[in-house]
Structure formats: structure tokens, C-alpha cells
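Here's the structure we're looking at; comments come further down.
The values are calculated or read from the model by the stated rules, or taken from the named source; none is laboratory data. Being a predicted model, the structure only gives us computed values, none of them experimental. Cβ: placed from backbone, ideal geometry, glycine included. Neighbour counts: every protein chain shown. Protein only, heavy atoms only, side chains kept; ligands, DNA and RNA dropped before computing areas. Shrake-Rupley method; radii C 1.70, N 1.55, O 1.52, S 1.80 Å.
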Amino acid sequence: MKKTQSTYCLLFTLLLFFLISPAAYGDLFWESTEARKGIPGQPDESESIKTYVTADASRAERKGEITIMNFADMTSYEINTKDKTYTQNDLKEMLKMPEMDEAQTAQLKEMLKQMAESTQIVPTDETREISGYNCRKYDVQMMMAKGEYWISKDVKGYSELKAFNEKMAKAFENAPMVKLMNMSGILNKLDGFPIMTIMTVMGGTTTTTVNKVEQKPLNKDLFTVPAGYKLVEKQ
């Protein structure tokens, strides 16, 4: 069950990576604010997130936690900067179907299929400026989650970015979990960079707003575990 839950998180991380990965010759950095309100069992709060993306890796920082996804060697790392520890995952293994009996496997496949089929992304004619970018609103429905994406094509390097998205999606198209989610089909409906997303699940709302985007060279050290950190087993 834990592996299955982690796999769901990975699938949506891959979806985000495909959507906003830069071209092979351009690195991207952006800062965003995530505000959560009304989520059961959690206080209302907001936090800053820093995201770094190159042609084959991504890094997200929030509250002393760093997540690195390296698609060159298909490895991900979850780093705790307070304890100076980290866990490591093999992305190829996580994308395989979990070891379950025939009935459980069929149930999981059906669940993933329903998730893909229930995903609806509908562009609207509503537009507005957010963080200095001209954005278009997309209505989004994903299983129990619904909300809106404000997408912009004004982010520098977007045309090259889109070409690389297609290349990355093709590289993962044979992974069973990715194939069942039909990520390529979902991506084709989101034509631009998500400057603001508002998603509501079980009465709780998460609003993520990109404050600034920069296209600049990034140090490769950002995508490696810092020296002196200890590898621990994932709980």
C-alpha cells in the first residue's frame, strides 16, 4: 500500500515535470507560494517553494525538505536538511506495477484507468494577468479534485520547452503506470506554463501561485545530495 501511494505521488510529479521541463539548452528556476485552506486535519497556512529544472532533473525546496528527481539515472532523493539525512528511490522500480495478486492488480489497473478517464481539462475564454503574465483559465477535474489552472504562453523559452515535453513523455510512454494514466493525452490539453493553480479536494483548497520565473544556467550540484548527509531507510 505504501508503495502504491508513493507511486501516485510520483505519477503526478512526472506529469508536472513533463509539463514544465525546459529545452535541453535552457535551465529554469521559479518561486511560488502555496496556500492551503480548509484541508481536514491540517492548519490553514502558506509556504514558499523554490523549483529548479534542467533538461533531465528537478529540485523542489520547501520548509527544510528537498526533493530531487534525476531522470538521467532514474533516481529520486528526499532530503531532510534539519537531520542531514536522505532517502533514495529507483524511479524505474516505482513505475512498475506493485507486486500484488491478480485481483489486486486488476483493481489497481481499473483505478488508474478511472483516474485517467475522469480527468477533464477544458479551456475557457476567461483571461487575466497573474505575476506579470497573460494567462488563460482552464477548468480541471481529476477524480475527487476539481479546480482551475491559469496557463500562460508568455514564459520565456516556452516553444523550446514544449518540444522537450514531448520528448520526455515519449521516453516514459512504455512504463506501465505512466501508460495507464495516459499522461501524453493529458499534457496535450494543457498548452502553456501553469502560473496559478487552484485545486479543491474534500472541501480543502490549495492555491499555488508562481511569483517569478527565470531562465538561467543552474549549478549541477543542486541536483546531488550534499556531502555529509546520511542515507536512511524510507519510513
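Label-to-label distance, residue 84 versus residue 139, with points set 7 angstrom from Cα along the beta-carbon direction: 5.3 nm.
Note on residue 113 and residue 205: the model spin-label points, each 7 Å out from Cα along the C-beta direction, lie 3.6 nm apart. Taking 0.36 nm per residue of separation and subtracting the Cα-Cα distance, full extension of the segment from residue 219 to residue 73 would add 50.8 nm. The modelled label-to-label distance between residue 154 and residue 189, using points 7 Å beyond Cα along the C-beta direction, is 2.6 nm. The heavy atoms of residue 190 present about 10 square angstrom of accessible area, all protein chains included, probe 1.4 Å. What pairs from 50/234; 37/212; 37/156; 92/230; 156/216; 37/63 go past 20 Å between their alpha carbons? Long pairs (Cα-Cα over 20 Å): 50/234; 37/212; 37/156; 92/230.
Applying 1/(1 + (r/R0)^6) with R0 = 25 Å to the Cβ-Cβ distance of residue 62 and residue 129 gives a FRET efficiency near 0.45.
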